[in-house]
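Below: the structure, in C-alpha cells.
The values are calculated or read from the model by the stated rules, or taken from the named source; none is laboratory data. Computed from a predicted structure; not experimentally measured. Neighbour counts run over all protein chains shown; Cβ positions are idealised from the backbone, glycine included. To get the accessible areas, we keep the full protein, side chains included, count just its heavy atoms, and leave off ligands, DNA and RNA. Shrake-Rupley method; radii C 1.70, N 1.55, O 1.52, S 1.80 Å.
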Amino acid sequence: MTQHTLSSPSADRSAGERALRMRRRLERLIGIAATEGNALVALRNGDEIFPAMLESVRSAEYTVDMMTFVYWRGDIARQFARALAERARAGVRVRLLLDGFGSRTIEKGLLKDMREAGVHVAWFRQPVALSPLKQNHRCHRKALLVDERVAFTGGVGIAEEWCGDARNEREWRDTHVEVRGPAVDGVAAAFAQNWAECSGELFDRHDRFSEHRPQGDAVVQVVRGSASFGWQDMQTLMQVMIESAEERFRLTTAYFSPDAYFIELLCRASRRGVEVEILLPGPYTDKRVCQLAGQHFYEDLLACGVKIYQYQPTMLHAKVITVDGTAALIGSTNFNRRSLEHDEEVMLAVLDEEFTATLDTHFDEDVAVSEQIRGGRWRRRSLLQRARETAVLPIRRFL
Ligand SMILES: O=P(O)(O)OC[C@H](O)CO
C-alpha cells in the first residue's frame, strides 16, 4: 500500500489559505456561493449506502424526492419501490424521476405499484418520440432528498450490482455521501431543475422551504452540470481542482475518457510536481469501450509521471476526487466527455480536511488491491490492444 503524508509544517500552515483560494476560485468562476455548516458522511459500497438511504426514506414525514440514472432490477429495486410506495400511502409527497434511457429496464410492475400508491413518477427524456438532438443528453444525476433536511448523492444506481461490499465481481465498488445542512438546497435545486422539465411542476404545497441550521463544519459548493453546447460548469469545476492542486491530485472514476485538453491539464499538474494519481476499473468493467478510449491516453500520462492504477476485485464505479488533503469532489460526474459535456450532473465540492482524509483513506485501501500500470510494460502491449484503442476513437466524444 502506498503511504502518503501531506503534513509538513508549511503545508499545515497554508491548508486554510489553500481552501479559501479554492473556494473563491470556484465561487467566482461558477457563480454559486459555497455554504458553511454542513455535515457529511462518506458511505462506501451498497452495505453502507442502501441501508442509510432506505432508513432515511422510511423516516420521511413530508417529502421524498429521488432521481436516478439507473433503476434496474433485483431485491434492492423492490425494496426502494416498497419504501417509496409505503411513504406515499402514508401521505408523504413522493416524487421519483427516472432517466428514460438509464432506467428503461425497471420492472414495469414496480412502476405500477408505486403509481397506485401515489408516488409521482416522471421520465426524463424517454427515447421514444424524442428529438435526436436531445437523445444524447441524459439525466445522470443521482439524488435522494428527504424532508428538505438530508440529501444523498454519489455514484450509486438502484440495482443489485451495487449491493454488498465489493467482495467479488458481483458487488460493485462505489461511494455515496449523506449531507445535512444548507448544501441540501443545492442538491434539491438539481432535482427541481430536471423535475420541472419532466413534470411541468416546480413545487407544491408540500414544499415547506424550511431554514437550515448548522449541522457541521464543512464548506460545500453544489455544482450542477447541464447538457448543452459549449463550456460547462462541470468542466470549470474539474479545471479549478486540477490547477489548484499543489501537492497531490487523486481521481477515482468509473469511466475515464476525457478530451485531450483535460489530459494536458493532468500532465501539466504532474510536470509542475503535483503527485497525480488516477484509479480506474481493471479487469471488471461494464463498458470496455470507455476503458479503451481512456487507455489511448495512458502512454502520454505515464510519460508525464502520472500514476495509473487499475482496480482488481470488481467494477469500480465511484466518482471521487481529492486535492492536497484539503478538498474533495463527490457526486455523479465521471471523468469522461459524457459527464463533462453531455449530461445532467451534480457534484459536491467539499472543503473539509476530515471528510477529504476519509476519502483519501478509501483511496489508499483501493490502491492496495489495484495494479499499477508501468510505462515500460504498457508500451509493450499487444497490437490487438492498440488496434482496439484506435477503433473506439471515432465515438469517444459520446463516451
Ligand atoms: O453512468 P453511471 O456512471 O451512472 O454508471 C451506470 C452505467 O451506465 C452502468 O452501465
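When the criteria are applied in full, T105 meets the requirement of being hydroxyl-bearing (S, T, Y), within 16 Å of the ligand (Cβ to nearest atom) and open to solvent by 50 Å² or more (accessible area, probe 1.4 Å). Checking the conditions here, which among R337, R386, R396 is of a type in the set (K, R) and away from the ligand (no atom under 16 Å from the Cβ)? The match here is R386. Residues that are among the small types (G, A, S), closer than 26 Å to Q215 by Cβ and in contact with a His (Cβ under 9 Å, 6 or more places away or on another chain) do not occur anywhere in the range 85-101. Considering only residues in the range 86-102 that are farther than 19 Å from G157 by Cα and of a type in the set (G, A, S), the one that is least open to solvent (accessible area, probe 1.4 Å) turns out to be A88.
Does any residue of the range 348-367 turn out to be out of contact with any helix residue (DSSP H, G or I) (no Cβ under 6 Å at 6 or more places or on another chain), among the aromatic types (F, W, Y) and within 16 Å of the ligand (Cβ to nearest atom)? Checked against the condition, which is being out of contact with any helix residue (DSSP H, G or I) (no Cβ under 6 Å at 6 or more places or on another chain), among the aromatic types (F, W, Y) and within 16 Å of the ligand (Cβ to nearest atom), the range 348-367 yields no hits at all. The set of residues in the range 91-121 being of a type in the set (D, E) and farther than 12 Å from A81 by Cβ consists of D99 alone.
Every residue, every condition in (1) in a strand (DSSP E or B); (2) more than 16 Å from the ligand (Cβ to nearest atom); (3) farther than 30 Å from T314 by Cα; (4) open to solvent by less than 50 Å² (accessible area, probe 1.4 Å), yes or no:
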residue	(1), (2), (3), (4)
E48	no, yes, no, no
V57	no, yes, no, yes
D65	yes, yes, yes, yes
I76	no, no, no, yes
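Restricting attention to the range 109-166, report how many residues are more than 13 Å from the ligand (Cβ to nearest atom), open to solvent by less than 50 Å² (accessible area, probe 1.4 Å) and assigned to a helix (DSSP H, G or I). Total satisfying the criteria: 5. Of the numbered conditions (1) more than 30 Å from L393 (Cβ to Cβ); (2) in contact with a His (Cβ under 6 Å, 6 or more places away or on another chain), A227 fails exactly one; give the number of that condition. Evaluating A227 over (1) more than 30 Å from L393 (Cβ to Cβ); (2) in contact with a His (Cβ under 6 Å, 6 or more places away or on another chain) leaves (1) as the failure. Out of the range 23-42, which residues are in contact (Cβ under 8 Å) with a residue 40 or more places away in the chain and either within 16 Å of the ligand (Cβ to nearest atom) or of a type in the set (D, E, K, R) (or both)? Answer for the range 23-42, where residues must be in contact (Cβ under 8 Å) with a residue 40 or more places away in the chain and either within 16 Å of the ligand (Cβ to nearest atom) or of a type in the set (D, E, K, R) (or both): R23, R25, E27, E36.
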